[in-house]
Amino acid sequence: MQAREDGIATKLDLGWIRSQFPSFVETVNGRPAAYLDGPGGTQVPQRVMDAIRDYLEHSNANTHGAYATSARTDKTIAAARSAMADFFHCDADEVVFGPNMTSLTFAMSRAMGRELGPGDEIVVTLLDHDANFSPWLALEEKGVTVRPVGIRESDCTLDLDDMARKINQRTRVVAVGYASNAVGTINPVKEIVDMAHRVGALAYIDAVHYAPHGPIDVGSLDCDFLVCSTYKFFGPHVGVLFGTREHLQRLTPFKVRANTNEIPYRWEQGTLNHEGIAGITACVEYLAEIGRRLSPQVSSRRAALEAAFEAIVPYERALCERLVRGLGTIPGVKLYGIAEPARFGERCPTLALRIEGHTPLELARGLGERGFFTWDGNYYALNLTERLDVEKDGGFLRIGLCHYNTVDEVDALLRGLREIGS
Ligand SMILES: Cc1ncc(COP(=O)(O)O)c(C=O)c1O
C-alpha cells in the first residue's frame, strides 16, 4: 500500500518516523524548524537518547572488569559491533570503533604508510571530503606520490578516465568517497574497487555521506576498508570502520603495548565512547524498525535494513526532484552537480547551489531566521570548491534532505528562498 506524503507516493510512514525525533518540536521565530543540515549531522530518535542515558545510568564502567557494570559495558560494545556488522554486511570482528571518520582514517593511513615509501603511489580524488584526502597527502613525507583524480565540472562527477590513467602498477591505495558531501554525487564505487584491485591496490571507501541514503554492502563492493560516522545516520558522534579481517590482521597499528593484538581491538586506541556506542545499536535498530514495519516477514536485521532503504531511496529521490524543479523556477539559482531527474540514481539528495547577488552565508542566515537549517561554505570539500572557483566567494549553500524531511518542508524552503532571493 502506498501512503501519500502530500503529493509524493511513499511506503514510509512519515507520521511514525517524525514522531521518533524529539528535536522536531524546535521552532525559530514562531516557525517550525526544518532540519536540512543532515550532511553535517542528522537528528537522533528518542531511542538513541534513551540508550545513551541507560548506559550511563546502569552500565557505566571500563571494559573487561570482574564486576557487573563492566560486564554490561562489554556486552554493550559487542551488541553495537554486531549491529554495525549488519549495517555493513560483514562480520563483527571486522568492525572498528573510533572517535570519528577523520581519526580512524589518519590511524589507517599511518599504519599503511609504514609499508610505503618512494616509488609507491596513492590515488585520491578532488571530489572527496578533506578527511579522505589530507591523511593520504600526509604520507608524502615518506616519499609517497599522491595522485588526485579530477572531476567533470559540468556535473560534478569523477573523471573516471583520469582515474584510469592515474591508477597503475605503483598504486598501493585508492581512496575514494562513496558519495560527495557537497554536491551529492554517488561514485561508481564497485567499478573503482575493481580498478584498484586489478593493480593490487587497496580500496579505501569514505561512506560518511552515503550511509543515511542507501544500503552499504561491503561484501558486494569487495572493498578493503570502508568508514563512516554514526552521527550522519541518526546516531551518536562515533566513527566506525570496516576492514577485511586479512588487512586488520596484516597491517600494524600504532598502539600501546598493553592493548591486545587481537582484531578488531588492536585498532581501538584508549577508552572508547561507551555511551555513544550504546547509541549505535539504537540507531541501527531505528532504521531496521522502518524496514520491519514495511516488511514484517523479514527474518534478520540485515534484511530489515535493506527493506528500510528500499523505501527510503525512492522517497528521498522524489523529494530531491521536487526541490530541484522548484529551484529551477527561482531566478539566479545555479545548481552544482547532477540536475536531470533521470540521473538521480547517481546522486544523494544533497544540493549545492548559489543564488546570484547573494553569498551562501547570507542565504543560510536568511533561511536560518526562517527556521530552515542549512550550511554554507565548503564543508571541508575544499578541493571541490577551489576547483569550481567558489571558495573565494563563500562556497555553496548546501541543502541536505533525508528521509525524515517532508514535502511541506521542501515547499516552504522554496518559498523562503524565493523571498530571500528577490
Ligand atoms: C564525506 C565525509 N567524509 C568525512 C567526514 C568527516 O567525518 P568525521 O566528522 O566523522 O571525521 C565528513 C564530515 O562531514 C564527510 O561528510
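Read the figures in this text as sums done on the coordinates, not as results from a lab. Not measured: the values here are computed from a predicted model. Note: ideal-geometry Cβ built from the backbone for every residue, glycine included; neighbour counts use all protein chains shown.
Taking the DSSP beta bridges in the chain as the whole, what percent of them are antiparallel, to the nearest 5?
Details: 30 of 50 bridges.
Here the share of antiparallel DSSP bridges comes out near 60 percent.
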Sum up the lysine pairs in the chain that clear both bars: alpha-carbon distance under 21 Å and a spacing of 8 or more or different chains. 4
Could you give each residue of region 367-376 its phi-based ³J(HN,Hα) in whole Hz, using Karplus coefficients 6.51, -1.76, 1.60 with θ = phi - 60°, and x for Gly or Pro? 5, x, 5, 9, x, 9, 9, 10, 10, 10
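Rounded, prolate or oblate, given the Cα gyration tensor of region 1-134, with a/c below 1.5 counting as rounded?
Numbers: a/c = 2.14, a/b = 1.26, b/c = 1.70.
The shape class here is oblate.
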Put +1 on the Cβ of every Lys and Arg and -1 on every Asp and Glu Cβ in region 47-181; which of V123, I52, T73 then has its Cα farthest towards the positive end of the dipole? T73
To the nearest 20 debye, what charge dipole does region 371-422 have about its Cα centre, counting +1 at the Cβ of each Lys and Arg and -1 at the Cβ of each Asp and Glu? 40
Residues whose placed amide H lies under 5 Å from that of A381, excluding near-sequence neighbours: D130
Using the Cα centre as the reference, give the magnitude of the dipole from point charges on the C-beta atoms of region 269-393 (Lys, Arg: +1; Asp, Glu: -1; all else neutral), rounded to the nearest 20 debye. 340
Cβ neighbours within 10 Å, averaged per peptide: list 364-375, 134-145 in order, most packed at the top. 364-375, 134-145
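Against the empirical 2.2 N^0.38 Å scaling, what ratio does the C-alpha Rg of the chain come to? Walk me through the numbers on the way to the answer.
On the way: Rg = 21.4 Å, N = 422, 2.2 N^0.38 = 21.9 Å.
Compactness ratio reported: 0.98.
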Using 5 Å bins from zero, what percent of all Cα-Cα pairs in region 223-306 falls into each bin? 3, 13, 17, 17, 19, 16, 8, 4, 2, 0
Vicinal HN-Hα couplings computed from phi for region 338-352 (Karplus, 6.51 cos²θ - 1.76 cosθ + 1.60; Hz; Gly/Pro x): 5, 10, 7, x, 4, 9, 5, x, 9, 9, 8, x, 10, 10, 10
Considering the dipole of the chain built from charges on the beta carbon (Lys and Arg +1, Asp and Glu -1) around the Cα centre, which of T171, C156, S229 is farthest to its positive end? S229
Provide the three semi-axes, in whole Å and in decreasing order, of the ellipsoid equivalent to region 1-72 as defined by the square roots of 5 times the Cα gyration tensor eigenvalues. 36, 17, 10
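Would you kindly work out the equivalent ellipsoid of region 238-388 from its C-alpha gyration tensor and give its semi-axes, the square roots of five times the eigenvalues, largest first in whole Å?
Values: eigenvalues 287, 122, 51 Å².
Ellipsoid half-lengths, sorted descending, are 38, 25, 16 Å.
Relative contact order, percent, of region 111-218 when contacts are C-alpha pairs under 8 Å separated by at least 6 residues? Don't skip to the end; give the middle numbers.
Values: 184 pairs, mean separation 28.0, N = 108.
It comes to 26 percent, rounded to a whole number.
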Jot down the radius of gyration and Dmax of region 165-290, Cα atoms only, both in angstrom. 15.9, 46
For the chain, what's the relative contact order in percent, using C-alpha pairs closer than 8 Å and at least 6 residues apart? 22
Need the C-alpha centroid separation for region 206-282 versus region 1-70, integer Å. 21
proj_area_mean for region 317-403 (convex hull on C-alpha atoms), units nm², value 5.9
